[in-house]
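The values are calculated or read from the model by the stated rules, or taken from the named source; none is laboratory data. These numbers were taken from a predicted model, which means no experiment stands behind them. All Cβ positions, glycine included, derive from the backbone under ideal geometry; neighbour counts span all protein chains shown.
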Amino acid sequence: MDKNIEDIYLKLISGKLNHSSPKTLEGLYEDVTEDMFYTGRGGDLKPATAKQRERAAAKAGDDAPSYVLDDDDIEAFKSLDPKDQARVKKFIQGIAHRDNIKSTFRGGDKEIEQAYRILMSSDMTSDAVEEAIQNATQNIAVNTDKLKTVGNYAPLDIFNKEANWEAYKQLIPIGVGKKQQGPGEVAFAMLSRDVDEETKGDISIGGEIYELKLNGGRISDKAGPSPTKIKKIIAKYLGDNVMSYFESTQSLNTKEFVNKFVNKAKAEGIETDDMVREIYSEILDPEYAEKMVSAYQGDNVTFENVNKAFKEHSFDYYKSTKIGGGGEWNKLIGINTSNGGSIAVVETGEQFANTPMKNVNPRIVRTGSGTRENYIEFYPILG
């Protein structure tokens, strides 16, 4: 601010300058406005900074001038770590991203707004967000030809670029609970025009229905048999003395059941087929229970054989329960987003049994609160 203008205004306010001052000051006097000053804590009038004038204009309801970054702002930005610099850049470009998301992603207004907010608050860079949006616009963010094909894939086999995979992971929560939708369904439809989530199954690709399981989704949508019911079956065939096992634990997994109950009983000459048949009739149904009995034959049953058999038969049983109903599907897609990720597409129980997956040891006796612990958590892994 011109020092002469400042002096004139201060004198004018304090009454030390009258309006009959020399005409040589008239030009300067006309340039003085009240928003150039503010009252300090001590009551003194002080010259206002540009930012203070901007705030005053906004508070008064006037059109505030566009904010211009000064040298201090630029230096402050340079001092940020790269991650925070990327966040600032993404915020600045946010309006453009919002418009692009609205014109590209499919969904209701609330879902589109949610997608925008999720991507803008994520750790994705502005360039990565823009790349994912452009790929979705060109319908190349998802390789639906591979997604329709049985196999075990690395994430980029399906999503083509890292930006698309990151965007999908961020968008997974959108739509959950709406019309009984699960995680990841709307995200697929947002990134690919070939995917429809408004179907009787989870998603549809080219008219084919797919079930979608993310990060350990159980291969069942029903509660398993009560712990008390299965314990009674075991005691019925092996005697009440085996119930001492449950004094220190609530549940019994498949591996322990095979090694500490079935094989021990066989070694003592106790026939176990009827017990196995009755247990799996409760967990699956009588038809698939009979198939499971075959996995328990011989003097020394192995956990590996039983586990593989249960993978196959529990998948086929689960799929069979959907036939003719509102949730019928043709193939199942399992997605694991941890440790680099993996995506598996399976159609039959045999394929499912041969798909590498982690932590497969379902419970024979579940806990009281783990209603679906009798069924497999599907975490596909590359292998």
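Taking the stretch 140-158, which residues are of a type outside the set (S, T, N, Q), outside any helix (DSSP H, G or I) and buried (at least 19 other Cβ atoms within 10 Å of the Cβ)?
Matches in the stretch 140-158: Ala141, Val142, Tyr153.
Could you tell me whether any residue of the stretch 278-295 is at pLDDT below 95 and either closer than 30 Å to Asn164 by Cβ or outside the structural domain of Tyr153 (by TED's automatic domain parsing) (or both)?
no
Picking from Gly370, Gly341, Gly334, Gly325, which residue would you name as being in contact with a Lys or Arg (Cβ under 9 Å, 6 or more places away or on another chain) and without any contact (Cβ under 8 Å) to a residue 60 or more places away in the chain?
Step by step, each of Gly370, Gly341, Gly334, Gly325 is checked, and only Gly325 is in contact with a Lys or Arg (Cβ under 9 Å, 6 or more places away or on another chain) and without any contact (Cβ under 8 Å) to a residue 60 or more places away in the chain.
Can you give me the ranges of the strands (runs of 3 or more DSSP E) entirely in the stretch 277-383 with at least 1 residues that are charged (D, E, K, R) and within 22 Å of Asp145 (Cα to Cα)?
331-336
So that you can scan it fast, the table gives a plain yes or no per residue for (1) modelled with pLDDT of 95 or more; (2) closer than 24 Å to Asp221 by Cα:
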{"residue": "Pro155", "(1), (2)": "yes, no"}
{"residue": "Lys169", "(1), (2)": "yes, yes"}
{"residue": "Lys179", "(1), (2)": "no, yes"}
{"residue": "Ala187", "(1), (2)": "yes, yes"}
{"residue": "Met190", "(1), (2)": "yes, no"}
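Hey, among the residues in the stretch 159-217 that are assigned to a loop (DSSP other than H, G, I, E, B) and among the acidic types (Asp, Glu), which one's surrounded by the most Cβ atoms within 10 Å (Cβ to Cβ)?
So the residue we want is Glu197.
Results for (1) within 24 Å of the chain's Cα centre (by Cα); (2) surrounded by fewer than 22 Cβ atoms within 10 Å (Cβ to Cβ); (3) at pLDDT 95 or above, shown as yes or no for each residue.
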| site | (1), (2), (3) |
| --- | --- |
| Asn339 | yes, yes, no |
| Gly349 | no, no, yes |
| Gly368 | no, yes, no |
| Asn374 | no, no, yes |
| Pro380 | yes, no, yes |
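Tell me which helices (runs of 4 or more DSSP H) are completely within the stretch 42-129 and hold 3 or more residues being modelled with pLDDT of 80 or more, surrounded by 14 or more Cβ atoms within 10 Å (Cβ to Cβ) and assigned by TED's automatic domain parsing to the domain that holds Val142, or say none if there are none.
In the stretch 42-129, 94-104, 109-121 are the helices (runs of 4 or more DSSP H) which contain 3 or more residues that are modelled with pLDDT of 80 or more, surrounded by 14 or more Cβ atoms within 10 Å (Cβ to Cβ) and assigned by TED's automatic domain parsing to the domain that holds Val142.
Would you check if Thr137 is touching a residue at least 60 places away in the same chain (Cβ under 8 Å) and surrounded by fewer than 19 Cβ atoms within 10 Å (Cβ to Cβ)?
Considered against the rule, which asks whether it is touching a residue at least 60 places away in the same chain (Cβ under 8 Å) and surrounded by fewer than 19 Cβ atoms within 10 Å (Cβ to Cβ), Thr137 comes out as no.
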